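One structure is given below, encoded as structure tokens.
The values are calculated or read from the model by the stated rules, or taken from the named source; none is laboratory data. Everything numeric in this text was worked out from a predicted model, so none of it was measured. Here the Cβ positions follow ideal geometry from the backbone for every residue, glycine too, while neighbour counts run over all protein chains shown. These accessible areas exclude ligands, DNA and RNA; they are computed on the full protein's heavy atoms, side chains included. Shrake-Rupley method; radii C 1.70, N 1.55, O 1.52, S 1.80 Å.
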Amino acid sequence: MNDRVTVLFAPLRANVLAWYSGRLPNEQRMLRIAAVAVPLLIVLVVLSSLQAAVTRLDKRVATKRSDLAYLQSVAPVLANAPHPAANGQSLVAIVADGSREAGLTVIGTDPVGPNQLRVRLENAPFDTLVGWLIRLQQTQGIAVQNASIDRGAAVGQVNATLTLARP
């Protein structure tokens, strides 16, 4: 294969060397400097872009760690909070009423078990969704058993599939 590459590039190399030798000495010096400077500049630009990306990702990791630490600190408080008794409403009715009060649009619900319900929301404001889930936990004792949350169409909005359960 090495011989084949040499055969393929030999005419090209000869043409480039002939063109180069036809340049004035000042032009040849500029071409030699450019042959070293351009690759170095490309490497510096690539490294700078990589460094900026790493810095941005480091900030995101720090934020995520801070969020995790906060959630871990409040988890025992929420776990020990008293769960109010159900007021006789079905889980579907509680979810429908609560989501409407929160300003969320439930796309669909599917019963999963006797006291479980799968709920789908699209383009829901994340902060509103979290607030609603906290209120469900605090006022009705309804907990999130499973959650799948993806980015929505706009900033701050999410598409979520939640499995909610009542004790």
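Quick notes on this one:
- Every Cα-Cα pair in segment 95-153 was counted, and those over 20 Å apart are 18% of them.
- Largest to smallest in accessible area, the residues SER148, SER99 fall in the order SER148, SER99 (1.4 Å probe, all protein chains included).
- LEU41 accessible area, 1.4 Å probe, all protein chains in place, Å² to nearest 10: 100 Å²
- Ligands, DNA and RNA left out, the 1.4 Å accessible surface of the chain is 62% carbon and sulfur atoms.
- GNM result for the chain, Cα springs below 10 Å: residue of PRO11, PRO76, PRO111 fluctuating most strongly: PRO11
- Whole-number accessible area per residue in Å² for the chain, which is evaluated in the context of all protein chains at 1.4 Å: 73 Å²
- With the simple spin-label model, which puts each label point 7 Å out from Cα in the Cβ direction, the ARG23 to VAL130 separation comes to 5.8 nm.
- Short to long, the 5 Å bins of the Cα pair-distance histogram for segment 23-167 hold 2, 8, 12, 15, 13, 10, 7, 5, 4, 4, 4, 4, 3, 3, 3, 2, 1, 1, 0 percent of all pairs.
- Span-like helix check, the chain: qualifying full DSSP H segments, with Cα axial length of 24 Å or more and mean Kyte-Doolittle of -0.5 or more, are 2-21, 25-80.
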